[in-house]
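Asker: Here you go, one structure.
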Amino acid sequence: MLEIKGISVSYQQHRALTDVSMVVEKNDFVALIGSNGAGKSTLINAVSGLNKIDLGSIVFEEKIISNLAPDYVSSLGVIQVPEGRKLFPQMTVEENLEIGAYLPEPRKMYSRNLGKMFELFPRLKERRRQRSGSLSGGEQQMLAIARALMAQPKLLMLDEPSLGLAPIVTLEIFKILQELNQTGLSILLVSQEVLQSLNISKRGYLLENGGINLSGNSSDLLTDPRVKESYLGL
Amino acid sequence: MKSDQFSSTNSNRLYQMIIPIVLVGLALFPFSEPPVYFISFVFWIFLYVCLSSSWNLIGGYAGYLSFGHVAFFGIGAYATAMFGKIFSLSVSLTLLGTIPAGLIASLIAIIVGYPCLRLRGPYFAVITLCFAFVSQLTVKNLEILGGADGLWLKTMDVSVEINRTIFYELMLALTSVTVLVSFLVGRSKFGAGLRAIKEDEEVAQTMAVNAPRLKITAFALSAFFPGVAGGIYACYLSYIHPDVVFDVNMSILQVLMALFGGASSWIGPVVGAVSLTVVNEGLSTFVKAELARIIYGCLFIVVIVFMPNGILEFFSRRTKRIDN
C-alpha cells in the first residue's frame, strides 16, 4: 500500500534521513520506533508531503506521492495525526471534526462518521461545543485522532500519540488503535513507547541516526537483544 | 465559537425577520427627505461596511492581514474612470464599468497574491502595505491616468438630492451583496477551510485543505467588492486623485473596523464599521478635530488591549457569564 524506497531528507545542510526504505501493507499495523532525533517525524512528514525528499521515492497505491503538495497527498487517503496534537484551538470540538471531513466523499458521510466518533470517544460528545484548546491532553489526542478518522483515511499515520499523556490514557488510545486496525484500517504508528507499540503492532521498524537498522515482526523485535538492551532496558 | 453565537436557529430566525426590515428601512431613508448631509453620511457608512466586510474574507477568516486593500479600491476607481473616458460614456453607463473594474481588481489581486500569499503574519502585512504605496505611486506617475492631476469624470445633470440618493442606493445594494457573500462564505466549506488556515496552515493542508488555492480565491474575492466600490465612489465624487482613492489611511481604517467589531464573524466588520464611522463623525462634529483624533486613537488602544477578539465577542462573553 505504502512503499518508501530509499529516501533521503535534509534540513538545509543537515541530513536527517539517509536511504530509508519501508513498507506498509494493506491492513497492516506498523510501529516505527527509535529514540529522540532518529528521524521518525521527518519520515512521517516526508510521506505527508510536508518535507521534501532529496533522493528515492514514496509510492502510495501505485502513485508516486513524494514531493507533492500535502493537501493532494491527504486527498488520496494518507492522513496524519501530527505530533503534539495540533488541533485548531479556537474552534470547537465539532468544528475540528468538520475540517477533518473536508473532502467531498467524507463530507457526504459527515453525520454518520460523527456518530461513529462519538461512539468511539464518548467524552468528545460531552464536549462537542467546547473550544478544543480547553480540553485535557488525553481528550485533545482523542480529538486529533477522531479528526483524522473523519477524513476516512486509508492509511492513518500517528506521530507520538502518547506524548505527555498518563499511562492509563495511553493504554486507552492504543487499545482504540488496535480496534481500528481490526476493522481494516492500515496504521503507521511512530512512538517512543517501544514496548507498548510493539505489543499492539504487527510489524516494526527501528530507526536510528536517520537509517533503518532493524525490521521484522513486532513479536520478534520484542525479543531481539538489540531492542531489549537499548530500548527496553532489559 | 463563532457558529455557536450566530448560527443557532433562534438567532437565525431573528435575523431573517430583522434584516429585510432594516434593508427596506435603509432603502427608503432618502425618500423621507432628510438633509443631504445625512444621505452622504450613511453613504460613507455603507462604503466602510463594504470595505471592512470584504477585507474580512482574507483578513478575518483566513487571518492574512492585508494592509493594502485600498489599492483595490483605487484600481477600481481608476478602471471605472478610464472606462468612462475611453468610450466617453454618460455617468449611468460608466457605472456599468464598475463590474469589470471589480474584476480587474480581482485579477490584480491574483497576480499580486500569488507570490505574496506565501508570506505570513507581519511579512504579509508589510508587503501588502508596500503594494498600496507602489500602486499609488504608479498611478501618480502615469500621464495616461492623469498623473498627479487626477481625473475628471462626467457629472449627472440632476439636483444634488437626487444625485446623492442614486449613489446612496447603489452603495446600499453593493454593501448588501458584500455582507451576504461574507455571511455565506462564513458558513460554507470554503469558510471552514479559511478558518483552518488561520488556526494552523500546515495542519489544515494535511487535512486536505488546498491552502494556496483557498487563499488566492479569498484574496481575489475580497478585492472584487472594493474594486466595484471604488468605481461607484469615482462616479460619486466625479473627480479622483491618487491621494484620495489610494489613501493608506483608508486601508488601515478598514482593518481596524473589522478587528474592532470582531474579525472572526460576518457581523463583526459590520458592527465595527458602523460604530466607528458614527463615532468618528460624531467626534469630528462635536469635538475639535485634533482632540477627536486623540480620542479615536485611545479607543483603538482600549479595544486592542482589552477586547482582542472585538467588541462583539467581548460583550457576548459577558452576557454568557451572567447567564451562568
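Just so you know, all these numbers are worked out from the coordinates, no wet-lab data involved. These figures come from a predicted structure and were not determined experimentally. Quick reminder, even Gly has a Cβ in these numbers, built from the backbone with ideal geometry, and neighbours come from all protein chains shown.
Asker: Cut-off under 18 Å on the C-alpha distance; same-chain residues fewer than 8 positions from A:K52 excluded. Which lysines are left, in chain and number order?
Answerer: A:K5, A:K40, A:K63
Asker: Short version: what are the Cα gyration tensor semi-axes of segment A:86-152, square root of 5 times each eigenvalue, largest first, in whole Å?
Answerer: Details: eigenvalues 64, 30, 18 Å².
Output for segment A:86-152: semi-axes of 18, 12, 9 Å.
Asker: So, one more: Run the count for chain B, please: Lys pairs, Cα-Cα under 16 angstrom, 8 or more apart or on different chains. Provide the component values of the computation, followed by the final result.
Answerer: Working: B:K2/B:K189; B:K2/B:K198; B:K2/B:K320; B:K85/B:K154; B:K189/B:K198; B:K189/B:K215; B:K198/B:K215.
For chain B, qualifying lysine pairs total 7.
Asker: Using Cα positions and a limit of under 16 Å, work out the lysines in reach of A:K175, with same-chain residues fewer than 8 apart set aside.
Answerer: A:K202
Asker: In addition: For chain B, modelled as a Gaussian network with Cα springs under 10 Å, which listed residue fluctuates most, B:I295, B:I110, B:I311?
Answerer: B:I295
Asker: Select from B:Y123, B:Y15, B:Y233 the residue whose mean-square fluctuation is largest in a Gaussian network model of chain B (Cα-Cα springs shorter than 10 Å).
Answerer: Evaluated over chain B, the most mobile residue of the options is B:Y15.
Asker: Three principal axis extents, largest first, for the C-alpha atoms of segment B:89-211, in Å?
Answerer: 58, 36, 20
Asker: Still on this structure, I have one more. Given 4 °C and 1.567 mPa s, how large is the Stokes-Einstein diffusion coefficient of chain A in µm²/s, with Rh as the Kirkwood radius over Cα pairs? Intermediate results must be reported in sequence, preceding the final value.
Answerer: Numbers: Rh = 18.0 Å.
D, rounded to a whole number, is 72 µm²/s.
Asker: Only loop residues by DSSP count here, and only those with at most 13 other Cβ atoms within 10 Å; note down the trypsin sites (Lys or Arg not before Pro) in segment A:1-36 that meet that.
Answerer: Values: sites: A:K5, A:R15, A:K26; in loops: A:K26.
For trypsin sites (Lys or Arg not before Pro) across segment A:1-36 that sit outside H, G, I, E and B with at most 13 neighbouring Cβ atoms in 10 Å, the list reads A:K26.
Asker: Output the antiparallel fraction of DSSP beta bridges having both residues in the protein assembly as shown, as a percent to the nearest 5. Mind showing how you got there, number by number?
Answerer: Working: 23 of 41 bridges.
Taking every DSSP beta bridge within the protein assembly as shown, about 55 percent pair in antiparallel fashion.
Asker: Sort the following peptides by mean Cβ neighbour count (other Cβ atoms within 10 Å, averaged over residues), highest first: A:155-162, B:149-156. Display every interim value, and only then the final one.
Answerer: Values: A:155-162: 23.5, B:149-156: 15.9.
The peptides rank, most packed first, as A:155-162, B:149-156.
Asker: As I understand it, the dipole of the protein assembly as shown uses +1 on the Cβ of Lys and Arg and -1 on the Cβ of Asp and Glu, about the Cα centre. Which of A:Q141, B:G59, B:G84 lies farthest toward its positive end?
Answerer: A:Q141
Asker: Can you list residues from other chains, or at least 5 along the same chain, whose modelled amide H is less than 5 Å from the amide H of B:S66?
Answerer: B:G59
Asker: Got a sec to turn the phi values of segment B:226-235 into Karplus ³J(HN,Hα) couplings, 6.51 cos²θ - 1.76 cosθ + 1.60 with θ = phi - 60°, whole Hz, x for Gly and Pro?
Answerer: x, x, 5, 4, x, x, 5, 4, 4, 5
Asker: Same structure again: For segment A:153-196, what size does the Cα cloud have along each of its three principal axes, sorted from largest down, in whole Å?
Answerer: Taking max minus min along each principal axis of the Cα atoms, segment A:153-196 gives 28, 17, 16 Å.
Asker: Return the calculated 222 nm mean residue ellipticity for chain A, to the nearest 500 deg cm²/dmol, obtained by summing -39500 (n - 2.57) across DSSP H runs with n ≥ 4 and dividing by the residue count. Each step should come with its number before you reach the end.
Answerer: Values: 10 runs with 87 residues, N = 234.
Helix contribution divided over all residues of chain A: -10500 deg cm²/dmol.
Asker: For segment A:111-184, what class follows from the C-alpha gyration tensor (a ≥ b ≥ c being the square roots of its eigenvalues): rounded when a/c is under 1.5, otherwise prolate if a/b is larger than b/c, else oblate?
Answerer: Cα axes put segment A:111-184 in the oblate bin.
Asker: What number, rounded to the nearest 500 deg cm²/dmol, is the helix-based mean residue ellipticity at 222 nm of chain B, given -39500 (n - 2.57) per DSSP H run of at least four residues and division by all its residues?
Answerer: Working: 16 runs with 250 residues, N = 324.
-25500 deg cm²/dmol, from helical runs alone.
Asker: Could you tell me which of rounded, prolate or oblate describes segment B:8-247, using a ≥ b ≥ c as the square roots of the eigenvalues of the alpha-carbon gyration tensor, with rounded for a/c under 1.5 and, failing that, prolate when a/b is larger than b/c and oblate otherwise?
Answerer: Values: a/c = 2.48, a/b = 1.21, b/c = 2.04.
It is oblate, given that a/c is not under 1.5 and a/b is not larger than b/c.
Asker: Which shape class applies to the protein assembly as shown: rounded if a/c is under 1.5, otherwise prolate when a/b exceeds b/c and oblate if not, where a ≥ b ≥ c are the square roots of the Cα gyration tensor eigenvalues?
Answerer: On the way: a/c = 2.82, a/b = 2.07, b/c = 1.36.
Prolate shape, in that a/c is at least 1.5 and a/b is the bigger ratio.
Asker: Within 15 Å, Cβ to Cβ, of B:E201, how many net charges do the neighbouring residues add up to if Lys/Arg are +1 and Asp/Glu are -1? Please report the intermediate quantities before stating the final value.
Answerer: On the way: positive: A:K86, B:R118, B:R120, B:R195, B:K198, B:R213, B:K215; negative: A:D71, B:E199, B:D200, B:E202.
Once positives and negatives cancel, what remains is +3.
Asker: Would you list, by chain and number, the aspartates and glutamates whose Cα falls below 12 Å from the Cα of A:K26, excluding same-chain residues fewer than 8 positions away?
Answerer: Result set, ordered by chain and number: A:E3, A:E61.
Asker: Also: Please compute the average number of Cβ atoms from other chains found within 10 Å of each residue's Cβ in peptide A:100-106.
Answerer: Whole-number average of other-chain Cβ neighbours for A:100-106 is 3.
Asker: Given the options B:W55, B:W44, B:W266, which has the most mean-square fluctuation in a GNM of chain B, springs set between C-alpha atoms less than 10 angstrom apart?
Answerer: B:W44
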